[in-house]
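Novice: Take this structure, written in structure tokens, and hold onto it; I'll ask about it next.
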Amino acid sequence: MVTGLWENGSMAKLLAEEEEISPAWSRSSERVAINIDNLTFKYRSGKGVFDLDFAVGKGEVFGFLGPNGAGKTTTIRNLLGFVKPKQGRCSVVGLDCWKDASRIQKQLGYLPGEMAFFEEMTGTQFLNLLDAMRGGRKKMYRSVLMERFELDTSTRIRRMSKGTKQKLGIVAAFMHDPAVYILDEPTSGLDPLMQNIFVELIREERERGKTILMSSHNFEETYRTCDRAGIIREGRLVAVQDVHSLKSSQRKAYLVTLGSPSDLDHLRSAGLELGRINNNTVEVFVSGNYDQFIKALAGCRVLGLDVVNQTLEQVFMKYYGREADVE
């Protein structure tokens with residue numbers, strides 16, 4: 001029975017008693033776990049990734065952020081050795097991602113954005129298959145993960161919901177306890193409770209010294225789990241920042257419903273940054289200047305005030321002066 005292993009602090013002991021991770025990975029003395037050097041890969045459509053250059057240190061959780069179609073999955077495909085770079089190179093713990101793809105794939109913890117299963121298998125059969133391919137290590141860890149995510153693997157995969165399939169993919173990626181994880185939109189399809197459990201798992205893995213590259217378009221998820229974040233836009237890396245710096249740069253948007261047109265004139269004269277205007281309702285962007293915002297509202301007759309939840313893409317576009325591209 002494995003109940004409570006995560007709560008009573010014995011997980012580290014359990015994992016230490018099991019087989020060590022492959023020596024090929026543990027021998028490396030480099031401080032960089034994932035390295036992308038001048039990477040370019042271009043599709044016939046002209047899309048792809050261009051001149052990507054960043055590194056993820058050992059024991060770091062790195063968020064790889066951008067809107068859909070920005071190039072996150074293409075970058076991951078290069079890291080997994082699924083495609084060959086047109087220019088540059090990338091490596092995982094010193095292993096070349098193209099030349100040593102089979103060695104990397106065997107030991108990496110990988111969660112694809114769009115998972116494909118053997119649908120007629122049960123979840124147990126699928127995990128057993130992966131277990132056998134990896135040498136059957138860390139079986140207790142697999143049981144703990146299944147319990148933690150409340151995963152029933154007795155049914156056929158084709159009958160599982162999207163959320164259950166996502167949990168199956170998470171267990172498959174983590175159960176062999178690798179040193180490095182590459183996770184593509186890992187919480188897609190999970191309910192809020194399971195999302196919180198996943199966030200806790202990532203934090204614990206970081207405490208154990210694991211390296212994690214996690215692509216996402218969920219800003220809050222990244223803020224809760226990552227040390228740094230790289231932002232990709234149209235295939236190009238536009239910034240790499242500490243997540244706390246990125247958080248502080250995020251604007252808040254408010255919808256203010258005013259009593260009269262003269263109130264709108266007052267907000268304009270207050271020097272605030274205004275967005276959409278619909279009759280007497282105006283969108284106001286605030287970046288830390290809350291005193292100015294509140295004082296301006298105090299001079300108006302305010303009939304309504306709502307917070308606008310900005311998408312990550314809107315945050316990005318404003319952050320890099322490209323908000324005109326977003327409706």
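The values are calculated or read from the model by the stated rules, or taken from the named source; none is laboratory data. The structure presented is a predicted model; accordingly, all values stated were derived computationally and were not measured. Backbone-built Cβ (ideal geometry, glycine too); neighbour counts: all protein chains shown.
Novice: Somewhere in the stretch 223-239, is a residue surrounded by fewer than 20 Cβ atoms within 10 Å (Cβ to Cβ) and among the β-branched types (Val, Ile, Thr)?
Specialist: Checked the stretch 223-239: at least one residue is surrounded by fewer than 20 Cβ atoms within 10 Å (Cβ to Cβ) and among the β-branched types (Val, Ile, Thr).
Novice: Out of contact with any helix residue (DSSP H, G or I) (no Cβ under 8 Å at 6 or more places or on another chain) and modelled with pLDDT under 90: does that describe residue 114?
Specialist: Taking the combined requirement at face value, the residue satisfies it.
Novice: Among the residues that make up the stretch 39-50, is at least one of them under 21 Å from residue 227 (Cβ atoms), β-branched (Val, Ile, Thr), at pLDDT 50 or above and in the same structural domain as residue 85 (by TED's automatic domain parsing)?
Specialist: The answer is no; no qualifying residue exists.
Novice: Turning to a different aspect of this structure: Exactly one condition in (1) over 20 Å from residue 184 (Cβ atoms); (2) buried (at least 16 other Cβ atoms within 10 Å of the Cβ); (3) of a type in the set (D, E, K, R) is not met by residue 51; state its number.
Specialist: Against the list (1) over 20 Å from residue 184 (Cβ atoms); (2) buried (at least 16 other Cβ atoms within 10 Å of the Cβ); (3) of a type in the set (D, E, K, R), residue 51 comes up short only on (2).
Novice: Could you tell me which of the residues 143, 161, 215 is surrounded by fewer than 18 Cβ atoms within 10 Å (Cβ to Cβ), closer than 28 Å to residue 71 by Cα and either polar (S, T, N, Q) or in contact with a strand residue (DSSP E or B) (Cβ under 7 Å, 6 or more places away or on another chain) (or both)?
Specialist: 161
Novice: For the stretch 203-230, name all the residues that are modelled with pLDDT of 90 or more and more than 10 Å from the chain's Cα centre (by Cα).
Specialist: 203, 204, 205, 206, 207, 208, 209, 210, 211, 227, 228, 230
Novice: For the stretch 179-294, give me every one of the strands (runs of 3 or more DSSP E) that falls completely inside it and has 3 or more residues that are closer than 19 Å to residue 75 by Cα, assigned by TED's automatic domain parsing to the domain that holds residue 144 and in contact with a Phe, Trp or Tyr (Cβ under 8 Å, 6 or more places away or on another chain).
Specialist: 180-184, 211-216, 228-233, 236-242
Novice: Does residue 8 meet the test of being exposed (fewer than 13 other Cβ atoms within 10 Å of the Cβ), modelled with pLDDT under 50, of a type in the set (S, T, N, Q) and not in a helix (DSSP H, G or I)?
Specialist: yes
Novice: Something else now. Please find, within the stretch 83-99, the residue that is nearest to residue 159 (Cα to Cα) out of those that are in a loop (DSSP other than H, G, I, E, B) and basic (Lys, Arg).
Specialist: Of everything passing the filter in the stretch 83-99, 84 is nearest to residue 159 (Cα to Cα).
Novice: For the stretch 168-192, what are the residues that are more than 11 Å from residue 111 (Cβ to Cβ) and in contact with a Leu (Cβ under 9 Å, 6 or more places away or on another chain)?
Specialist: Within the stretch 168-192, 175, 176, 177, 178, 179, 180 qualify.
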